[in-house]
Amino acid sequence: MSQTRVLIVDDDPKIRNVLRMCLETEGYEIAEAGDAAETLSLVAKLPFDLITLDINLGTISGFDVAREIRQSSDVPIIMVTGKGDIIDRVVGLEIGADDYIVKPFHLREVLARVQTVLRRAKANAKPAISESTSAPDKVSRLVFDGMTAHLEHFELLNRQGVPCELTSGDFKLLSVFLNNPKRPLTRETLLDLIGGIEWTPLDRTIDNQVARLRKKIERDPSHPKLIKTVRGIGYVFAADVETI
């Protein structure tokens, strides 16, 4: 079995060394990067199971690096930063980070968060299922708002018939919504349906995934018509879904 590969990104070599020793002791395979260019180069060359990403990387911030990575990958990202301001934490989560750690940190906390995020990612890799016991027809196509989803092929065609670039996480979430149209779903239910993930009231995982999916399927993501927020509950897929 191959080792879990983690990329440690920090402009401070001392912090990289501490994190490396900590994670290697737990059996993880480690790669390091000290700036944005080196990070993006490594991500393009090697598959990683998780990235710890510092915000302060010089002229290009960790936020920008996370945005760039999220264009083509849903690899788990933990932001590691010295900034404790809540705004920085929210920004990191909204652009697609899966968790954050504020410096100075305790190594036991780092290990716990790494293990939790990796478990969550592993659970997300399971195929999304409907809350009902009935599975969709494997040769069916689902049509909504001019878009066509081929669930068995993990393919979504946009309103011009061109394939959309969805990550596996995007498609799992979309599949759950398409299998449960016009049914309000709590965040906890959505997490369960995409992989049985442990949930807390402060968990922003689903909110982040919904925001990413909206950008790819909504006509105007700032005023969503397909995935609507249900206050005090969660989300509902409001469009008509037809099987053809």
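Some observations on this one:
- Taken over region 184-195, the criterion of being touching a Lys or Arg at 6+ places or on another chain (Cβ under 8 Å) and either at positive phi or not in a loop (DSSP other than H, G, I, E, B) (or both) is satisfied by 195 alone.
- For region 195-213, taking the residues that are β-branched (Val, Ile, Thr) and closer than 15 Å to residue 117 by Cβ, the one that is modelled with the highest pLDDT is identified as 206.
- One residue stands out in region 202-244 among those that are in contact with a Lys or Arg (Cβ under 6 Å, 6 or more places away or on another chain) and outside any strand (DSSP E or B): the one that is farthest from residue 180 (Cα to Cα), namely 221.
- So residue 81, is it over 15 Å from residue 100 (Cα atoms) and among the polar types (S, T, N, Q): no
- Tally, over region 32-63, of residues that are surrounded by fewer than 21 Cβ atoms within 10 Å (Cβ to Cβ) and within 16 Å of the chain's Cα centre (by Cα): 4
- Any helices (runs of 4 or more DSSP H) falling wholly within region 13-78 and containing at least 2 residues that are under 18 Å from residue 99 (Cα atoms) and of a type outside the set (D, E, K, R): 13-25, 62-70
- Within region 67-80, being within 23 Å of residue 107 (Cα to Cα) and of a type in the set (A, V, I, L, M) holds for 75, 77, 78, 79, 80.
- Wholly enclosed helices (runs of 4 or more DSSP H) of region 80-183 bearing at least 1 residues at pLDDT 85 or above: 107-124, 168-179
The values are calculated or read from the model by the stated rules, or taken from the named source; none is laboratory data. Note that this is a predicted model, so its numbers are computed, not measured. With ideal geometry, Cβ positions are generated from the backbone for all residues, glycine too; neighbour counts draw on all protein chains shown.
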